[in-house]
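Colleague: Dropping the structure in here first, questions after.
The values are calculated or read from the model by the stated rules, or taken from the named source; none is laboratory data. This one's a predicted model, so the numbers in the text were calculated from it and none came from an experiment. With ideal geometry, Cβ positions are generated from the backbone for all residues, glycine too; neighbour counts draw on all protein chains shown.
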């Protein structure tokens, strides 16, 4: 698919228009393998693991790995090659409807493409904040064991996004530094602003990571409190019935010279003594605020 960039993005060529080609890996190799630094793009295409960029005196090339906002396990990967897949086509079609600018260049177009990729990310991250608030309310008012799975899944997604923003930020920093003087001052300014914008998104994401850690600690405290209550109940039960175990063990020896065994009131006396021991123990435990 080929687009042309002049004062707007069109499908028809005019003299002096800049060319935007959307190609498969095979098409790029067939058409551009003899161009300057094309081997770097071919290398990026063959192993797209993270966002990266390389600047040369006449070329910018690199790759994007963009997590799908609906399912972070899915990644949209594409390489780029700037001189003087379906996901990319959709982005450009979207830009085509709204893109008009008198200061056009491929570098400016590339900046706007990055902006379009991340334009709604602030609201997207806010959705994570809302999800964390829901989990926090569940821990406070409707505690259950499934909450831990939600926290683990959400923290994994935040780690994926953190890696993505770090890579994207590194890319834009390299572009804004403009060590090869490939960009003009205006374009450097645009990428510098974009770098600050990505930094703000990264800061927002770091705040979410800290919030998720606080919620995880809150969940763990809730677990510890629940376990402590169980241990308290077991301790109280053990404390109450331990003296009774001594009494039953003592009289269970059945020595002949135990007067209580032959006493007609012995059974009642033992029952009364056991009840008295339990009452005394409960009063002591209540005074110590065990319950």
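Colleague: Any idea which residue in the stretch 100-118 is modelled with the lowest pLDDT, counting only those that are crowded, with 17+ Cβ neighbours inside 10 Å and in a loop (DSSP other than H, G, I, E, B)?
Modeller: Only one residue fits best here, namely 104.
Colleague: Suppose we filter the stretch 274-291 for residues that are in a helix (DSSP H, G or I) and surrounded by fewer than 13 Cβ atoms within 10 Å (Cβ to Cβ); how many remain? Break it down into steps so the answer makes sense when it comes.
Modeller: Start the filter on the stretch 274-291 by keeping residues that are in a helix (DSSP H, G or I), which leaves 274-287.
So of that shortlist, the ones also surrounded by fewer than 13 Cβ atoms within 10 Å (Cβ to Cβ) come out as 275-276, 279-280, 283-284, 286-287.
The total comes to 8.
Colleague: Any chance the stretch 188-202 includes a residue that's closer than 23 Å to residue 66 by Cα, within 15 Å of the chain's Cα centre (by Cα) and in a helix (DSSP H, G or I)?
Modeller: yes
Colleague: While we're here: Look at residue 245 and say whether it is surrounded by 13 or more Cβ atoms within 10 Å (Cβ to Cβ), farther than 30 Å from residue 146 by Cα, at pLDDT 80 or above and not assigned by TED's automatic domain parsing to the domain that holds residue 141.
Modeller: On the way: surrounded by 13 or more Cβ atoms within 10 Å (Cβ to Cβ): no; farther than 30 Å from residue 146 by Cα: yes; at pLDDT 80 or above: yes; not assigned by TED's automatic domain parsing to the domain that holds residue 141: yes.
It is false that residue 245 is surrounded by 13 or more Cβ atoms within 10 Å (Cβ to Cβ), farther than 30 Å from residue 146 by Cα, at pLDDT 80 or above and not assigned by TED's automatic domain parsing to the domain that holds residue 141.
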